[in-house]
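The values are calculated or read from the model by the stated rules, or taken from the named source; none is laboratory data. Here the structure is a predicted model, which means the values were calculated and not measured. Backbone-built Cβ (ideal geometry, glycine too); neighbour counts: all protein chains shown.
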């Protein structure tokens with residue numbers, strides 16, 4: 001099944017004056033029918049042109065300029081389509097009687113023809129690998145050793161094919177494309193014995209090897225890779241799985257990537273947008289700091305040429321609500337009125353850890369979270385150095401009092417800002433409730449947006465150490 005097939009004509013020509021694209025097709029099984037020429041672009045497939053074939057199944061796709069090189073598709077229907085690679089030669093004949101990749105014949109473009117040969121070779125190699133692995137399931141020890149030898153011989157065959165394509169088509173997109181997703185394996189024999197014999201050290205060695213070599217064969221500065229299914233998927237894997245999932249570790253890699261692709265406007269736009277959206281939507285605590293960094297450097301500075309004023313306004317808003325409560329920053333100080341009419345200063349609370357909690361009684365999540373926080377976190381750890389600075393975010397004191405009484409919360413530092421003059425909703429992003437921040441004894445934000453269970457584990461480690 002073809003996913004993400006978008007029936008829109010997307011004109012993204014790489015204009016080279018004096019040249020044009022002309023693809024003649026002969027598809028006998030589709031005689032008299034409409035067929036589409038489609039291109040991959042960042043995870044989707046876009047219909048670029050459509051023609052009706054004659055009674056012999058012949059037709060011609062034409063364009064006044066060359067098309068971007070990349071992976072294209074001839075599409076008749078859900079079960080009748082095939083891919084081909086479009087390279088430098090863009091005037092050629094393509095014949096396929098059955099819509100099977102193995103039946104493609106190409107005349108006029110050696111690069112496209114070589115890609116067909118490669119897909120046929122790769123399919124056979126994958127079948128051999130599958131057959132060998134199947135035999136190994138029931139093989140004896142001696143047979144397994146022989147089968148493992150046969151399996152190991154397949155990799156050099158693939159490497160030799162790549163080398164042949166590089167020699168036959170130097171500097172071509174084809175020679176880049178076929179190796180794009182290959183990440184060289186870690187050679188265990190090159191590791192010190194103490195690493196080879198230690199599972200933890202070996203896992204770490206694999207992690208750093210993957211991180212170092214992930215892009216070895218993928219030229220992410222080449223716009224042609226945008227016109228394949230791989231670029232977006234590869235970038236997502238790198239950002240969410242290959243890089244160590246921590247803001248301080250990710251930041252330098254992300255900014256280096258963006259700066260390297262900046263000369264290519266399309267990749268610069270895609271990569272910067274991807275990292276901006278991924279960081280603000282990340283479940284990794286503290287990754288919102290990356291969003292603020294990217295927003296300031298590229299969007300609010302005017303470098304993001306593609307950003308509309310509407311999107312910039314939304315980004316400014318998100319920066320405003322995030323910049324003061326990032327992990328590692330000193331928490332903004334607040335002096336708010338208590339339920340009894342006295343004023344409580346956040347920074348003057350003398351305790352090992354302070355929880356800043358923002359809630360409203362009409363919030364269904366708050367009605368579950370706040371009582372559980374009190375019972376499962378505050379009660380077990382209040383004598384060990386935990387205090388709660390609980391901000392009622394609305395302006396109905398009677399409602400507030402009923403909530404405190406119902407859940408017996410009067411031993412917290414219960415405060416409010418009836419007229420909203422402290423800007424606490426901006427300083428602590430009170431757009432959604434409940435909001436939660438963990439401050440250390442110096443009032444530095446060390447964690448936020450944690451569940452009750454996560455808080456229990458955190459304080460079991462942080463506060464039980466003093467027992």
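Just one of the numbered conditions (1) farther than 19 Å from residue 325 by Cα; (2) surrounded by 20 or more Cβ atoms within 10 Å (Cβ to Cβ); (3) under 36 Å from the mean Cα position of the chain (by Cα) is not true of residue 378: (3). For segment 105-114, the condition holds for no residue, the condition being that it is in contact with a helix residue (DSSP H, G or I) (Cβ under 9 Å, 6 or more places away or on another chain), under 29 Å from residue 166 (Cα atoms), assigned to a helix (DSSP H, G or I) and at pLDDT below 95. Criterion applied to 153, 194 was being within 28 Å of residue 130 (Cβ to Cβ) and either in contact with a helix residue (DSSP H, G or I) (Cβ under 9 Å, 6 or more places away or on another chain) or part of a helix (DSSP H, G or I) (or both), and the one residue passing it is 153.
How about segment 26-53: which of its residues are over 17 Å from residue 99 (Cα atoms) and without any contact (Cβ under 8 Å) to a residue 60 or more places away in the chain? Break it down into steps so the answer makes sense when it comes.
First, pick out the residues of segment 26-53 that are over 17 Å from residue 99 (Cα atoms): 40-49.
Answer for segment 26-53, where residues must be over 17 Å from residue 99 (Cα atoms) and without any contact (Cβ under 8 Å) to a residue 60 or more places away in the chain: 44, 45, 46, 47, 48, 49.
The residue that is farthest from the chain's Cα centre (by Cα), counting only those in segment 427-467 that are farther than 19 Å from residue 359 by Cβ and in a strand (DSSP E or B), is 444. Among the residues of segment 383-403, those that are surrounded by fewer than 18 Cβ atoms within 10 Å (Cβ to Cβ) and part of a helix (DSSP H, G or I) comprise 383, 384, 397, 398, 399, 401, 402.
Any residue at all in segment 35-44 that's more than 30 Å from residue 235 (Cβ to Cβ) and surrounded by fewer than 16 Cβ atoms within 10 Å (Cβ to Cβ)? Step through it out loud before you land on a result.
Taking segment 35-44 and keeping what is more than 30 Å from residue 235 (Cβ to Cβ), we get 35.
The next check asks that each one be surrounded by fewer than 16 Cβ atoms within 10 Å (Cβ to Cβ); those that pass are none.
No - not one qualifying residue is present in segment 35-44.
The one condition from (1) within 23 Å of residue 326 (Cα to Cα); (2) modelled with pLDDT of 95 or more that residue 265 does not meet is (1).
Residue-by-condition table, conditions (1) surrounded by fewer than 14 Cβ atoms within 10 Å (Cβ to Cβ); (2) not in a loop (DSSP other than H, G, I, E, B):
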{"position": "59", "(1), (2)": "no, yes"}
{"position": "67", "(1), (2)": "no, no"}
{"position": "81", "(1), (2)": "no, yes"}
{"position": "88", "(1), (2)": "no, no"}
{"position": "122", "(1), (2)": "yes, yes"}
{"position": "128", "(1), (2)": "no, yes"}
{"position": "134", "(1), (2)": "yes, yes"}
{"position": "138", "(1), (2)": "yes, no"}
{"position": "142", "(1), (2)": "yes, yes"}
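With the checklist (1) in contact with a helix residue (DSSP H, G or I) (Cβ under 9 Å, 6 or more places away or on another chain); (2) at pLDDT 95 or above; (3) part of a loop (DSSP other than H, G, I, E, B); (4) surrounded by 13 or more Cβ atoms within 10 Å (Cβ to Cβ) in hand, flag the one item residue 72 doesn't pass. Unmet for residue 72, out of (1) in contact with a helix residue (DSSP H, G or I) (Cβ under 9 Å, 6 or more places away or on another chain); (2) at pLDDT 95 or above; (3) part of a loop (DSSP other than H, G, I, E, B); (4) surrounded by 13 or more Cβ atoms within 10 Å (Cβ to Cβ): (3).
At least 2 residues being touching a strand residue (DSSP E or B) at 6+ places or on another chain (Cβ under 9 Å) and either in contact (Cβ under 8 Å) with a residue 24 or more places away in the chain or not assigned by TED's automatic domain parsing to the domain that holds residue 424 (or both) is the threshold, and among the strands (runs of 3 or more DSSP E) wholly inside segment 264-372 those reaching it are 335-338, 353-359. Beta carbons closer than 6 Å, at least 6 apart along the sequence or on distinct chains, pair a first residue in segment 251-263 that is free of Cβ contacts under 8 Å to residues at least 24 places away in the same chain with a second that is assigned to a loop (DSSP other than H, G, I, E, B) for 253/243. Remark: pairs (first residue in segment 442-467, closer than 22 Å to residue 326 by Cβ; second residue modelled with pLDDT of 95 or more and part of a helix (DSSP H, G or I); Cβ separation under 6 Å; 6+ apart in sequence or on different chains) = 443/347; 455/377; 459/381.
When residue 419 is tested against (1) surrounded by fewer than 14 Cβ atoms within 10 Å (Cβ to Cβ); (2) in a strand (DSSP E or B), exactly one condition is not met: (2).
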